[in-house]
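Okay, structure first, notes after.
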Amino acid sequence: MNRSAKLCDCVIGLCGLGAALLILLVWIPADIDTGVIDVWRRSVRIGDAMLPTFAALGILISAAAIGLRALLNRPGTGLQTISLVFLAWSAVILALSITLMMFTGPALTALWYGSEVPYRRLVTTAPWKYSGFVLGGAALVACFTALVRHRFSWRNVLIGLIAALLIALMYDLPFDNLYLPPNGDV
Amino acid sequence: MGVLDYILAGIMEALTGNPALVLGPIVLSWPVLLVALGFLTGVLIGATPGLSGPFAMALALPILISIFGFTPDALLPVLGFLVGIMKGATVGGAVPAILFNTPGTPDAFMTTLDGYPMAKKGQGGKALRVAHFASVSGDTFSDIVLFVCAPFLAISIEAFLGLPEKAALMILSLSFVAVVVGNDTWKGIMAACFGLLAASIATGTDSYPRLSMGSDVLAAGLPTIAVVIGVLVVGEIFTSFEDMWTSAREKRPEPAAADPGDSTLTMAKRRRLLPFIGTSMTIGTVIGALPGIGTTLAAALGYTAGRKMHKGATRFGEGAPEGIAATEAANSAVSGANLIPALSLGIPGNVAAVFIILAADTIGGFNPGPSVFRSTADEVNPELVVAFALFTLMVAANLMNWITGAWFMRLLGGLIRIPKQVLLPIVLLLTITSVYVQSAKMSDVYVLLFFGAAGYLMRRTGVPILPFVIAYILTDPLETTIRAAFEASGSDPWFLFGGVIAPAFLACAAAIVLGAGWLRGTPAPVPAPAPASEKETTID
Amino acid sequence: MKTLLTAAAAALLSASAAFADWAPEGPVKVMIGFKAGGGADTLARLIAEDIQAEYGWSMMPENVAGAGGGVMARELKAAAADGTAMGIGITDTFAYGVLAERDPGYAAEDFDFLATLAGTQIAVVAKADRGWTSMSDVIEAAKGGATISFGTMTPRLADGAYYIGKQNGIEFNIVTSYKGGKAVLNAINAADVDVGWVAGPQASGVASGDLVNLVNGEDQPLKVSPDAQALSDIGVEFFFGATFAAMAPAGLPEDARAGLSDSIATVIQKDGTKSNAFITKVFALKVKTGAEADAYVAQEAADAEALLAATSN
């Protein structure tokens, strides 16, 4: 058994144990009203806490088994590498494109109309309703393509814009009552 | 209504129930149209290196529901499309395996062993024909088994199993899935328990939605489609992103597309393939009927059995058509049989069945499970009509497959060359959008991305995905059945251990979990991850 | 006097003209209190579709399910009271739902009720081959020593089942975990439970003779079995039907409230609309608008309070 697989299983075991204990001792008691068994007007029912308790116990036991097995050096399944740099970039790209999606429409409306017409009234009016989605969507496609290729190109931005626009039209033209992101949340 | 009347009603419902186009006496119904579209989409997606059938189903489901809404009329077109994709992707998957040596799914790996050598010898077209012939035969056989077995299984379940037995059967299936999927029992159990836990958020019977942390977003319950697609699709996309990012190679060196060349397949040659196809499709059907063990094992077993039977000049692995036939018949026979537990018990066995149950649950009017096959004398059971209509659509898809599949596979051979580095980001955007339009809430997108991250971590740490998804889908029926069994027994604490059947099921479940842990003591070593540039995007 | 009348008529006319002229500023969000695919969801989506076809307003239905409609109520309460947001759910959420919960986070006063829409067709149902024709038969059987399991889908209906037993000196094994009338109906058919509340989907089975409506839970006769036993015959003075209703955040301008109310009442009562066809097929029309709708919810709250008091021991 190689060291990284052992380390991985130890981490899974520890995380699983910690999470299961937290769920069992804090989350379930604090956030469920009826207990494992619920006594209700002289009748005894299965309470809402029964299923999550069993699930958390299952996680506890399996995490303990995985951790123990790793400590005893019995082989588990292999670990594949996780790159923190990649994860950080992905989070940044997701945050950036969602922010663009959420705020482009309101920002453009404010610039164009001032404060008299809120974006909320324009969520069914082209081109405003497309602005956030197309810009944010293009950013998502272009940035992820650039990330996995380690190379930025304007061609990908163009592909992103076209793809986002096509997706927007695919949903918006045939259907009257669908919202594109983020138009249902404003 | 008698059984024959139901079958007739189902056929009529599928073929003429919801007309899209009427030309004199010829009626083209929406369900049939959608099956055809789904089939073509499925072949296209299956033939695209980097995508697979479940991907297509995941993307199509929210889109279809947006199109057809939640009316009863939506049910058959949506299910038809999904069935079409399932069948199309199964045959389509052989195209890149044979012509480019890039398996689109793990089970198609076995197809490359003999398919690509044949293609290099200028027999690519013939290899495609063999793959198609074997795949359609396996699929058709498995569907027939489904049509016969599902109703009988359901009726006997309904007649002999009460509430405690049904609950025990669900526990048994879930344990089985947790243990057999992947190659680590404890990680499988952990995944299943994680699924149960996630599904218990904001469900339950108390007026306070449990585990919702006072949040109105959580109080509405996690959006099931976003959770399932997050773990299955978004998790896979991020795993592929990272592989590509790590390999950092601009493009994988394009494998030279082999010229299809000679593509005739005579009746005599077909007849010589039949023993291999017959063996493999039986293996595939048996494997498929058990929840959780998927196409990969079926393909491997089919190929091994074929190799033992084979006595020809060309050995397996050097371009023997029998090798392709043995593989493709086995993995295609899984798809129909997999719907046996799904339709008769409501227990999904693989990703395709998950999406079919999800579609039925979301649209309503059809609840896969024993009650579907109840036929009463005077009252019409609409679900039974839907079930037979669904069978009709599967037959329609098979007919299309027999007639046009081979031609379509060849047509697509050289067509699809969009690099994954561009395709997958677009698929990600499409996924986010189709989840959003369903509910018009950004919170659903956040749920999608959260479970995408969970799916990514599970893949990277060897925790299998399928037990999570199946547990998530099964939680509600399981909990409801257990509660009802307990309350109907007058709150007897031993309610699960009455009679013979329920304790027997539970003992089997315990034996599987404990036995596998003991047997597996040394889990099979995982093959070292292939260099990223050669890996393909797959689900499950 | 005549001039007064004319003036009044003129005022009325101009007022109704103003209502007719009212149109929402932008799309109207229609929050549905229940999960996609159920009765409330279908009803709401059809009404939205009909209004869009009839008035040309842009209607945007979305599901805000959870806590028996409570999640929708909380979200709707926070929405803008200008006619661009409305909710569709059941009056139960604003009566029993508020009273039975420790901290619902909303009250009936937080809303202007636009209209009640339709009533259910609820009854206690059993399979015909059990041989029972009324609830009294079941009570007899229970008194004779049979264990009777009783399927229910809401706390209020569980209270109802308990109260039926209590008034007749018996105890049912009440199964409370079903999530809709359709699920209870399936359980009855599979013999998982002996009897259960079903709110409408039983109609075809009753008509064909496979099922029996043992006792009528509504305050008016059932369409499919008008002669079913009344609750009062077995000593129960409450009713258990649910009423679908449309509501908006409180403080809606008068013209917006009237505009929305009228549009809803018009489409569901008009022959040939999709919502009208659906209601007449599955439920029963029950249209009250404006102050009448508010009064209906208030009355239901009073009934719920009485039921809670009667079953609290």
task = Please tell me if B:ALA484 is in contact with an Asp or Glu (Cβ under 7 Å, 6 or more places away or on another chain), part of a helix (DSSP H, G or I) and either among the acidic types (Asp, Glu) or within 9 Å of another protein chain (Cβ to nearest Cβ) (or both).
result = yes
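Any idea which of B:LEU76, B:LEU15, B:LEU59 is modelled with pLDDT of 85 or more and outside any loop (DSSP other than H, G, I, E, B)? Give the derivation first.
Numbers: B:LEU15 fails: modelled with pLDDT of 85 or more; B:LEU59 fails: modelled with pLDDT of 85 or more.
The match here is B:LEU76.
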note = When restricted to C:ALA161, C:ALA250, C:ALA190, the only residue modelled with pLDDT under 85 and either surrounded by fewer than 21 Cβ atoms within 10 Å (Cβ to Cβ) or under 25 Å from C:LEU307 (Cα atoms) (or both) is C:ALA190
B:GLY462 being more than 9 Å from chain A (Cβ to nearest Cβ) and crowded, with 22+ Cβ neighbours inside 10 Å = no
message = Can you tell me which residue is surrounded by the most Cβ atoms within 10 Å (Cβ to Cβ) among those in the range B:119-148 that are under 21 Å from the mean Cα position of the chain (by Cα) and of a type in the set (A, V, I, L, M)?
response = B:ALA134
query = Counting just the residues of the range C:277-313 that are touching a residue at least 40 places away in the same chain (Cβ under 8 Å) and polar (S, T, N, Q), which one comes out nearest to C:LYS223 (Cα to Cα)?
reply = C:THR289
query = Which one is surrounded by the fewest Cβ atoms within 10 Å (Cβ to Cβ), of the residues in the range C:253-290 that are of a type outside the set (Asp, Glu) and farther than 27 Å from C:GLY200 by Cβ?
reply = C:PRO253
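Could you pull out every one of the strands (runs of 3 or more DSSP E) wholly within the range C:22-117 that has 2 or more residues that are facing chain B (nearest Cβ under 9 Å)? Steps first, answer last, please.
On the way: elements: C:28-32, C:59-63, C:85-90.
Per the criteria, C:59-63.
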query = Do any residues in the range A:27-39 that are assigned by TED's automatic domain parsing to the domain that holds A:PHE54 have Cβ atoms under 7 Å from those of residues that are modelled with pLDDT under 90 and surrounded by fewer than 15 Cβ atoms within 10 Å (Cβ to Cβ), where the two are at least six apart or on different chains, and which pairs are they?
reply = A:ASP31/B:MET213
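Restricting to the range B:293-317, name every residue that is assigned to a loop (DSSP other than H, G, I, E, B) and of a type in the set (S, T, N, Q).
Keep residues of the range B:293-317 that are assigned to a loop (DSSP other than H, G, I, E, B), which gives B:293-294, B:310-317.
Of everything in the range B:293-317, just one residue is assigned to a loop (DSSP other than H, G, I, E, B) and of a type in the set (S, T, N, Q), namely B:THR314.
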task = Answer yes or no: is there a residue in the range B:486-501 that is within 29 Å of the chain's Cα centre (by Cα) and surrounded by 13 or more Cβ atoms within 10 Å (Cβ to Cβ).
result = no
inquiry  = For the structure I just gave you, tell me whether B:TYR436 is among the aromatic types (Phe, Trp, Tyr) and facing chain A (nearest Cβ under 7 Å).
reply    = yes
inquiry  = Looking only at the range B:339-360, count every residue that is in a loop (DSSP other than H, G, I, E, B) and either within 9 Å of the chain's Cα centre (by Cα) or not small (Gly, Ala, Ser) (or both) and tell me the total.
reply    = 4
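Any residue that is assigned to a helix (DSSP H, G or I) and within 14 Å of chain B (Cβ to nearest Cβ) - is there at least one of those in the range C:232-242?
no
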key: Qualifying positions in the range B:68-82 - away from chain C (no Cβ under 14 Å) and out of contact with any Leu (no Cβ under 6 Å at 6 or more places or on another chain)   = B:LEU76, B:LEU82
query = Quick one: is C:ASP227 outside the structural domain of C:LEU285 (by TED's automatic domain parsing), surrounded by fewer than 23 Cβ atoms within 10 Å (Cβ to Cβ) and at pLDDT 90 or above?
reply = yes
request  = Pull up the range A:118-130, narrow it to residues that are touching a residue at least 24 places away in the same chain (Cβ under 8 Å) and crowded, with 21+ Cβ neighbours inside 10 Å, then point me to the one that is nearest to the other protein chains (Cβ to nearest Cβ).
outcome  = A:VAL123
key: Any chance B:SER434 is at pLDDT 90 or above and farther than 24 Å from C:GLY180 by Cβ   = no
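Let me confirm something: among B:ILE67, B:ILE26, B:ILE7, which residue is touching a residue at least 60 places away in the same chain (Cβ under 8 Å) and surrounded by fewer than 20 Cβ atoms within 10 Å (Cβ to Cβ)? I'd like the intermediate steps shown before the answer.
On the way: B:ILE67 fails: touching a residue at least 60 places away in the same chain (Cβ under 8 Å); B:ILE26 fails: touching a residue at least 60 places away in the same chain (Cβ under 8 Å).
From the options B:ILE67, B:ILE26, B:ILE7, the qualifying one is B:ILE7.
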note = B:VAL231 meets each of (1) farther than 25 Å from A:ILE32 by Cα; (2) at the interface with another protein chain (Cβ under 7 Å from one of its Cβ atoms); (3) not acidic (Asp, Glu) with one exception, condition (2)
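From A:ILE61, A:ILE46, A:ILE23, grab the single residue that is surrounded by 22 or more Cβ atoms within 10 Å (Cβ to Cβ), out of contact with any strand residue (DSSP E or B) (no Cβ under 6 Å at 6 or more places or on another chain) and without any contact (Cβ under 8 Å) to a residue 60 or more places away in the chain. Steps first, answer last, please.
Working: A:ILE61 fails: surrounded by 22 or more Cβ atoms within 10 Å (Cβ to Cβ); A:ILE23 fails: surrounded by 22 or more Cβ atoms within 10 Å (Cβ to Cβ).
Answer to the selection: A:ILE46.
Out of the residues in the range C:118-155 that are assigned to a strand (DSSP E or B) and at pLDDT 90 or above, state the one that is surrounded by the fewest Cβ atoms within 10 Å (Cβ to Cβ). Give the derivation first.
First, pick out the residues of the range C:118-155 that are assigned to a strand (DSSP E or B): C:118-119, C:123-127, C:149-151.
Narrowing the set further to residues that are at pLDDT 90 or above leaves C:123-127, C:149-151.
On the way: C:ALA123: 31, C:VAL124: 31, C:VAL125: 28, C:ALA126: 25, C:LYS127: 18, C:SER149: 22, C:PHE150: 28, C:GLY151: 33.
Per the criteria, the residue is C:LYS127.
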ask   = Any idea how many residues of the range C:245-293 are within 22 Å of C:ALA81 (Cβ to Cβ) and either among the small types (Gly, Ala, Ser) or assigned by TED's automatic domain parsing to the domain that holds C:ILE164 (or both)?
value = 14
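Restricting the range C:200-219 to residues that are in contact with a strand residue (DSSP E or B) (Cβ under 8 Å, 6 or more places away or on another chain) and assigned to a loop (DSSP other than H, G, I, E, B), which is modelled with the highest pLDDT?
C:GLY217
Only one of these is modelled with pLDDT under 90, in contact with a Leu (Cβ under 7 Å, 6 or more places away or on another chain) and farther than 30 Å from B:PRO477 by Cβ: B:GLY317, B:GLY306, B:GLY336. Name it. Show your work before the answer.
Values: B:GLY306 fails: in contact with a Leu (Cβ under 7 Å, 6 or more places away or on another chain); B:GLY336 fails: farther than 30 Å from B:PRO477 by Cβ.
Checking each option against the conditions leaves just B:GLY317.
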task = Within the range B:128-181, track down each residue that is farther than 26 Å from B:LEU390 by Cα and in contact with an Asp or Glu (Cβ under 6 Å, 6 or more places away or on another chain).
result = B:LEU163
task = Specify the residue that is modelled with the highest pLDDT; the eligible residues are those in the range A:38-49 that are assigned to a strand (DSSP E or B) and more than 9 Å from chain B (Cβ to nearest Cβ).
result = A:VAL39
remark   = Among the residues of the range A:157-185, the number that are within 7 Å of chain B (Cβ to nearest Cβ) and not aliphatic (A, V, I, L, M) is 7
task = Could you list, in sequence order, all residues of the range A:95-117 that are without any contact (Cβ under 8 Å) to a residue 40 or more places away in the chain and farther than 24 Å from B:LEU428 by Cα?
result = A:ALA107, A:LEU108, A:THR109, A:ALA110, A:LEU111, A:TRP112, A:TYR113, A:GLY114, A:SER115, A:GLU116, A:VAL117
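The values are calculated or read from the model by the stated rules, or taken from the named source; none is laboratory data. Source: prediction; values computed, not measured. A quick note on method: Cβ atoms are made from the backbone with ideal geometry, for glycine too, and the neighbour counts reach across all protein chains shown.
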